[in-house]
Amino acid sequence: MQREEQLDRLRRAFDACAEHQRGHVALVTGAVGSGKTSLLETFSEWAGAAGGRVLGAAGSRAERGLHLGVLGQLLHSARLDQEAAARIENLMRDAASAGPLPEPGGDTADGAAAGDRAWAPLLHGLFTALLDLADAGPLVLAVDDVHHADPASLHCLLYVTRRLRHARIMVVLTEASTLRPPHPLFRAELLSQPYFSRISLPPLTVDGIARLVDADGGAAAVREAAERCLSMTGGNPLLTRALIDERAPGGAGDERGADPTGGDPFDQAVLGCLYRHEPGVRRVAQALAVLNRPVPTELLGHVLDVVPESAAPAVRVLRTAGLMEADQLRHPRILRSILTDMSPEERRGLHQRVAEVLHEHGAEPGAVAEHLVAAAWADAPWVVPVLSDAAAQALASGRPDVAAACLRLVARADVDERQRTAATAMLVNARWQVNPLAANGHLSELVESARAAGWSTGAALATVPFLLWQGRVEEATEAVSGFSADDDHGPAGRLRAMQLLVSLSHPDQLASVRETPSTWSRAATAPTSVSPQLQAVTVLGTALLPNADTDTVATAEQLLQRHHTDDGAVGLLTAPLLALLWSGRSDRVVAWADILLNRPAVRHAPVWRAVVRAVRAEAALRLGDLPGAEHHARAALEDIPAPAWGVAIAGPLATLIACATEAGRFTEADRWLAHPVPAGMFRTPLGVHYLAARGRHHLAMGRPHAATADLRRCGELMRGWGIDVAGLVPWRLELARVQLSVGNKTHATQLLQEQLRVAHGVDDRTRGRSLRLLATTAAQDHRRKLLGEAVNLLQGCGDRLELVRALGDTGQSLQRAGDSARARLLVRRAYQLAQDCGASVLAQRLIRRDAGGALPAYPAGAEAHEPDDGLSEAERRVAALAAQGHTNRQISSKLFITVSTVEQHLTRVYRKLDVKRRTDLPARLVAYAEPLVEEPQGAAS
């Protein structure tokens, strides 16, 4: 184990002793666990095999007071003859009764001369006995942990070492690093001997560890494992061996054999290192574990209430042992091992002391609060302000769990009413982000406090979002109505933001706020003068109340771009995400949601993670990605339980109902519909999502009257609210589908034409879906034009599921017109898309409608492949836009790719389709769901 060099030095000294009758003293030094004992045993075995005689002994902290204890071990292992053993035993008894010896290696005081004379026979007899033993061959005296040896034995060892010049005796001692040498005079004289050598044991290197590691994957894997091991153990052989044993198959580190109580081999090795040192070293290690941060030695001394300089030797010892790196413990596992070994009382006391010292040294509130919470201590007058500041910082950095822990401690402190109300407001915010159910009690307390104050305090506004989440809209309205225009309501726009939030989340309330958009719509584009909270709610307002003066999509993207790296802004950004969704940009919702879900702070805020997943699920549904939509909607319900969702439960449930219905899993959809929902849910925009999903399920189950009732209610609510935007729910389109199912084409046509005329409220997806349905009511010559435009729009917006329907209808239309070849290609493409979307029912419907035999090679459940010269999805999008006359730069902007990428895609498109110029693309793209015919003259784009 990387100890050959040290063994060679001992072997050479032994050979010199044997050949030249020249004694030698070797002191092997190293950290605890560095392999001193192993080296001594290996050398002793070798020396015995090489013709030497080995006498062994080991010092022990428990036997330091045992007079001549180490010497007795040596003589016991010598197996002297009976006469010699009796003589030595008598001499030892006489010397023991003669009185104490001076410090080994020190000067003899005048008063001790008589005792020294009594010891002389023992020392002379001992050396004579050792010389007799050396007659047959070199004699090795091997003493492990000599720093724990008793003084009398050390005195005898020094007597022997002074007389080794012409003796075939080798003395090998091992010594561990300690805070201070226990016998400095002994060491000083030992180091001055002429035949002395000091052998240090360095930490293991990567190569040394690699020889011990048994890893699969070849040399690279072995070296990588060795490097990880070195970073965790610092090269300490004891820790390294324990870690390797732990990770061996079936070892404690193996998943099947892990010990959750901290009894793993590595944990035991860490504690073994500590307990073999002085208590002062262990105390410093405990302080470092509690601090859990790099600290200077001076601060460490203050924590332990000792002179700062006295902590330095312990730090040096811990670094030598591989437990520390720089100014902190080397690895979290080491920290965990030390903390597990401490009693709860010890940990709390040390945490309290650390908090006091950090506060005295001006540490950040968060660092101090961490230890106050761990100590559960809030008795000092400075504690509450520190905890409050730390909670505010934790909320701003996306750590509601940390904030809640701080605020729970504040609640136990002796504070005035103002402080208690402010702390409760923050506690509601923090606990709600983790689990809304846990915040209910504190929310009620906060509401009562706000009501008692006449709803005119900052705490009143703090209750609004949480009251709205629970559907307690009347109380929320009461809260925002308690202020006058001249009230000092905190940050700019906070009152307006809360009023607008009430109006948008429950549109039957505060309608006058929405009717005066000039008071809030400009806020979305004023990043420096308006609070981000008001900007976010305003962007949502422009999505639900679109106007020609505001580009909702651009503004929402700017807000997301500006704040997506802010750890505490995830909740703020759900509003622009919804704005993008309701503005018809589901593709951008997916992109931004994935970015937000990858933010580290999202792990600590389950509610915001669930909300982002729910929005992303709905966006995936609108893009035709049924598996993705279902996955994220289910994950949203796993993040927080259904009862905790309040009125927002409509979001993920509506998506899951729609997914199950589209996939033909009607029983599953019924189970989702059976989930209890709060009555107040239907007063929210998300409630109409739910109604529309339920209506589509009714239609799929052959219940057109029930479907009509739900969809008409959608229309009544949205028109009554003044929020008639298709991005929320295109209720006229959905109602037209019902009318078509019962053969009422006239009413369906009226509804679809009305849907297309909705001012500022029709996105490309809704327009494409409407045109597809309108085509079913049109004459044959006009149907293909409507379907062609529908295909273009649906492909551009990315809704693959609706594109499948449009392609299927187009293929059917071409088949009736006698163009079987083009119809076959379109139906194959539609079938593949349906399979990719997870819409097996829709795929089966295409097969049933396939009168031209386009799908014999693609039975249900089989994978459909592109034609040999087929285009990729990205190439089709680029080619479609190029065929419509867009420049490369315009295509780049629309698809969010570089101009160079556009050029590369077009190069491959030209090659695959065998065309020379853009004007040839429309005719060749028919088979790939691109523009089928020229756009109808005068059609809206």
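In region 429-460, what residues are among the hydrophobic types (A, V, I, L, M, F, W, C), modelled with pLDDT under 90 and assigned to a helix (DSSP H, G or I)?
Hits for region 429-460 are Ala450, Ala452, Ala459, Ala460.
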- Query: strands (runs of 3 or more DSSP E) wholly in region 129-205 with at least 2 residues that are farther than 27 Å from Leu66 by Cβ - which ones?
  - Reply: 196-200
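Listed here are the residues, each with its yes/no results for (1) out of contact with any helix residue (DSSP H, G or I) (no Cβ under 7 Å at 6 or more places or on another chain); (2) of a type outside the set (A, V, I, L, M); (3) outside the structural domain of Asp549 (by TED's automatic domain parsing).
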residue	(1), (2), (3)
Arg757	yes, yes, yes
His760	yes, yes, yes
Asp764	no, yes, yes
Arg784	no, yes, yes
Ala790	no, no, yes
Arg800	no, yes, yes
Leu807	no, no, yes
Gln812	no, yes, yes
Leu826	no, no, yes
- Checked region 747-764 for anything surrounded by fewer than 24 Cβ atoms within 10 Å (Cβ to Cβ) and part of a helix (DSSP H, G or I); matches are His747, Thr749, Gln750, Gln753, Glu754, Leu756, Arg757, Asp764
- What is the one condition in (1) under 49 Å from the mean Cα position of the chain (by Cα); (2) assigned to a loop (DSSP other than H, G, I, E, B); (3) of a type outside the set (Gly, Ala, Ser) that Glu227 does not satisfy? (2)
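Listed here are the residues, each with its yes/no results for (1) modelled with pLDDT under 90; (2) surrounded by fewer than 17 Cβ atoms within 10 Å (Cβ to Cβ); (3) aliphatic (A, V, I, L, M); (4) in contact with a Ser or Thr (Cβ under 6 Å, 6 or more places away or on another chain).
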| position | (1), (2), (3), (4) |
| --- | --- |
| Met1 | yes, yes, yes, no |
| Leu7 | no, yes, yes, no |
| Ala13 | no, no, yes, no |
| Ala26 | no, no, yes, yes |
| Ala58 | no, no, yes, no |
| His76 | yes, yes, no, no |
| Leu91 | yes, no, yes, no |
| Ala109 | yes, yes, yes, no |
- Note on the structure: When restricted to Ala188, Ala258, Ala252, Ala220, the only residue under 30 Å from Arg163 (Cα atoms) and modelled with pLDDT under 90 is Ala188
- Message: Can you confirm whether Thr574 is within 16 Å of Leu686 (Cα to Cα) and surrounded by fewer than 24 Cβ atoms within 10 Å (Cβ to Cβ)?
- Response: yes
- Item | Test result for Asp414, acidic (Asp, Glu), touching a residue at least 40 places away in the same chain (Cβ under 8 Å) and under 25 Å from Glu448 (Cα atoms) | no
- Message: It is to be established whether one or more residues within region 213-222 are assigned by TED's automatic domain parsing to the domain that holds Tyr159, out of contact with any strand residue (DSSP E or B) (no Cβ under 7 Å at 6 or more places or on another chain) and not in a helix (DSSP H, G or I).
- Response: no
- Note on the structure: Selection from region 196-227 of residues surrounded by fewer than 17 Cβ atoms within 10 Å (Cβ to Cβ), closer than 24 Å to Val172 by Cβ and among the hydrophobic types (A, V, I, L, M, F, W, C) yields Phe196
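When the residues of region 753-806 are filtered to those that are of a type in the set (Val, Ile, Thr) and closer than 21 Å to Leu545 by Cα, which remaining residue is modelled with the lowest pLDDT? Quick ask: steps written out before the conclusion?
If we filter region 753-806 for residues that are of a type in the set (Val, Ile, Thr), which is where we start, we get 758, 762, 766, 776-777, 791, 804.
Those left that are additionally closer than 21 Å to Leu545 by Cα: 758, 762, 766.
Working: Val758: 84, Val762: 81, Thr766: 93.
Restricting to residues being of a type in the set (Val, Ile, Thr) and closer than 21 Å to Leu545 by Cα, the top hit is Val762.
The values are calculated or read from the model by the stated rules, or taken from the named source; none is laboratory data. These numbers come from a predicted model, not from an experiment. Cβ sites come from the backbone with ideal geometry, for glycine too, and all protein chains shown count toward neighbours.
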